[in-house]
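Input: a single structure, listed below in structure tokens.
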Amino acid sequence: MIAPDSQKPVFRFAPSPNGPLHLGHALSAMLNFDAASAAGGRFLLRMEDIDITRCTPEFEAAIYEDLAWLGLRWDMPVRRQSEHLDAYRAALDRLRERGLIYPAFLTRGEVRAYALAEEARGTPRPRDPDGAYLYPPTDRDRSETERARLLQSGAKHAWRLDMRRALESITGPLHWIEKGDGSTTTIAADPPAWGDVVLWRSDAPSSYHLSVVVDDALQGITEVIRGRDLFSATAVHRLLQALLDLPAPTYRHHRLILDRDGRKLSKSAGDTGLSALRANGLSPLDIRRLVGL
């Protein structure tokens with residue numbers, strides 16, 4: 001783990017190379033770069049490319065081109081998550097040794113069917129901050145014998161955090177420091193709102209939650225600036241940092257760039273893609289104006 005220099009803050013921009021960057025990415029990248037420059041700190045670039053079915057070298061190359069066109073420069077080398085799966089697996093193993101994770105065998109369809117059946121009986125099923133039904137207790141309550149039988153059979157599964165046991169294993173309430181425009185606030189973390197979150201998948205090793213906290217610690221990140229859509233997820237990250245004895249950066253969750261219908265931009269929105277805007281004659285200064293910088 002990199003020991004952070006208290007005199008030199010470290011920022012990062014961490015896109016997934018599974019599509020072209022859009023205006024929302026530009027805002028996040030420029031906020032991090034500007035903050036690092038103003039503080040005399042470091043600006044790192046990380047490729048969150050664990051999903052090898054969607055992430056491609058072509059998209060990664062396009063990210064470099066777009067960021068360089070915007071006038072951003074970053075420290076080398078670029079960290080690729082696909083090259084560090086052992087670090088995430090080691091973190092998962094630490095949680096497994098403490099009995100804080102369990103194999104989860106239900107499909108998304110089965111989770112939904114369980115929730116609908118409960119609601120039909122008059123028992124509301126909670127949802128996470130993103131609106132998905134919380135994972136039911138079916139697999140958490142399985143006996144070790146049954147778990148072993150299913151694993152030995154080769155049944156497809158993920159590894160989920162046992163939220164109840166995880167919370168019992170830490171001391172005191174969790175919080176994070178949220179920095180805004182000229183303000184600093186202490187935010188109480190509420191990880192139970194997410195239920196038993198996935199930490200490792202069969203189709204894409206290591207979830208975002210696990211890999212991001214490991215990466216931030218290994219890279220010595222001291223300041224995380226990212227979109228408001230990840231505000232609630234910070235509660236899970238703070239819990240994992242506490243469980244794994246990792247340092248907690250400060251956070252700033254910035255406003256989102258929305259499309260014409262008021263929805264968060266997606267990489268399929270070609271009219272807001274940086275390469276398309278560049279091809280239409282816009283300059284980096286125009287991009288700054290479009291995102292309100």
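The values are calculated or read from the model by the stated rules, or taken from the named source; none is laboratory data. Not measured: the values here are computed from a predicted model. All Cβ positions, glycine included, derive from the backbone under ideal geometry; neighbour counts span all protein chains shown.
Okay, here's what the table says:
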| quantity | calculated |
| --- | --- |
| Residue check for residue 121: farther than 22 Å from residue 233 by Cβ, exposed (fewer than 14 other Cβ atoms within 10 Å of the Cβ) and either out of contact with any Ser or Thr (no Cβ under 9 Å at 6 or more places or on another chain) or not small (Gly, Ala, Ser) (or both) | yes |
| Total residues in region 167-183, condition under 20 Å from residue 230 (Cβ atoms) and in contact (Cβ under 8 Å) with a residue 40 or more places away in the chain | 7 |
| Pair list, Cβ under 9 Å, 6 or more apart: region 116-142 residue under 11 Å from residue 196 (Cβ atoms), other residue part of a loop (DSSP other than H, G, I, E, B) and of a type in the set (A, V, I, L, M) | 128/134; 128/197; 135/106; 135/197; 136/106; 138/106; 139/106 |
| Scan of region 71-85 for residues that are aliphatic (A, V, I, L, M) and surrounded by fewer than 18 Cβ atoms within 10 Å (Cβ to Cβ), ordered by number | 76, 78, 85 |
| Candidates 112, 89, filtered to the one that is closer than 30 Å to residue 148 by Cα, within 21 Å of the chain's Cα centre (by Cα), assigned to a helix (DSSP H, G or I) and at pLDDT 95 or above | 89 |
| Matching residues, region 96-109, being assigned to a loop (DSSP other than H, G, I, E, B) and either basic (Lys, Arg) or free of Cβ contacts under 8 Å to residues at least 40 places away in the same chain (or both) | 98, 106, 107 |
| Total residues in region 278-292, condition among the hydroxyl-bearing types (Ser, Thr, Tyr) and within 18 Å of residue 265 (Cα to Cα) | 0 |
| Number of the exception - residue 204 against (1) exposed (fewer than 15 other Cβ atoms within 10 Å of the Cβ); (2) within 15 Å of residue 88 (Cα to Cα) | (1) |
| Positions within region 92-109 being under 21 Å from the mean Cα position of the chain (by Cα) and of a type in the set (Gly, Ala, Ser), in sequence order | 104 |
| Positions within region 1-49 being charged (D, E, K, R), within 21 Å of residue 246 (Cβ to Cβ) and at pLDDT 95 or above, in sequence order | 12, 42, 46, 48 |
| Yes/no for residue 145 being hydroxyl-bearing (Ser, Thr, Tyr) and not in a helix (DSSP H, G or I) | no |
| Given (1) in contact (Cβ under 8 Å) with a residue 40 or more places away in the chain; (2) not assigned by TED's automatic domain parsing to the domain that holds residue 73, number of the condition residue 284 does not satisfy | (2) |
| Residue tally, condition β-branched (Val, Ile, Thr), buried (at least 18 other Cβ atoms within 10 Å of the Cβ) and at pLDDT below 95, over region 50-70 | 1 |
| Scan of region 74-86 for residues that are assigned to a helix (DSSP H, G or I) and either in contact (Cβ under 8 Å) with a residue 60 or more places away in the chain or within 30 Å of residue 35 (Cβ to Cβ) (or both), ordered by number | 81, 82, 83, 85 |
